[in-house]
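Enquirer: Got a structure for you, questions after.
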Amino acid sequence: MTEDINALKARIDELEMDLEKKEVEIAGYIDQIEIFEKENQELKLLVPNEEPSENETENENITTNKEIFLKLKAQEKEIRDLKNKMGYLRKDKTQLQTKLEELTKNNKSVIRIEEKKIPLEILVQDLQDKLNKQKVLNEELKRQLKKSAEYKEKPSEEDF
């Protein structure tokens, strides 16, 4: 009898650990999706909607537009993939929760262990790392914009 109880307790602990892992993984995917959606919105703002001026060549505009378009498409695909993974993780989580509930209902003498929460320090550090990565990416994009603006502002030889 005690062996059964110990086995059930071990199984409950295992399921709860799996649930925690799934929740952490889901939270990570949600964070990644938010980052990619923000980047996607920022890149969409960078795409010029105006017609090329006389000083710019069409090849320059086409090249920059294609690069931005390809980045947007890649990020949109990655967002879709992350959302799909998140859906599967949620499904796994609900299945694990139902298994856990079945085990706890089957054995009334088993003491339910409260969910363990992720320490806030780890979450704060993770968010700070993501913010720093985002800042670096923003700075890089700003530098690229400045370079492209400087290149477009340089007078061509035909102007003289």
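Enquirer: I'd like the Karplus ³J(HN,Hα) series for the range 16-26: coefficients 6.51, -1.76, 1.60, θ = phi - 60°, whole numbers in Hz, and an x wherever there's a Gly or Pro.
Expert: Here the 3J(HN,Hα) series is 5, 5, 4, 4, 4, 4, 5, 5, 5, 5, 4 Hz.
Enquirer: Just to be sure I understand the model, the point goes 7 Å from the Cα along the line to the Cβ. What's the resulting E14 to V136 distance in nm?
Expert: Inter-label distance under the simple model: 4.0 nm.
Enquirer: Let me ask something else. Using per-residue counts of other Cβ atoms within 10 Å, averaged over each peptide, order 20-33, 82-95 from highest down.
Expert: With the highest mean Cβ count within 10 Å placed first, the list reads 20-33, 82-95.
Enquirer: Identify all lysines with a Cα-Cα distance to K71 below 20 Å; exclude those on the same chain that are fewer than 8 residues away in sequence.
Expert: Cα-Cα hits under 20 Å: K38, K44, K83, K130, K133, K135, K142, K146, K147.
Enquirer: Label K91 and A27 with points 7 Å out from Cα along Cα→Cβ: what is the distance between them in nm?
Expert: 2.5
Enquirer: Taking the highest mean first, how do the peptides 35-41, 143-149 order by number of other beta carbon atoms within 10 angstrom per residue?
Expert: Output ranking for 35-41, 143-149: 35-41, 143-149.
Since every read-out is calculated from the coordinates, none of them should be taken as a lab result. The structure presented is a predicted model; accordingly, all values stated were derived computationally and were not measured. A quick note on method: Cβ atoms are made from the backbone with ideal geometry, for glycine too, and the neighbour counts reach across all protein chains shown.
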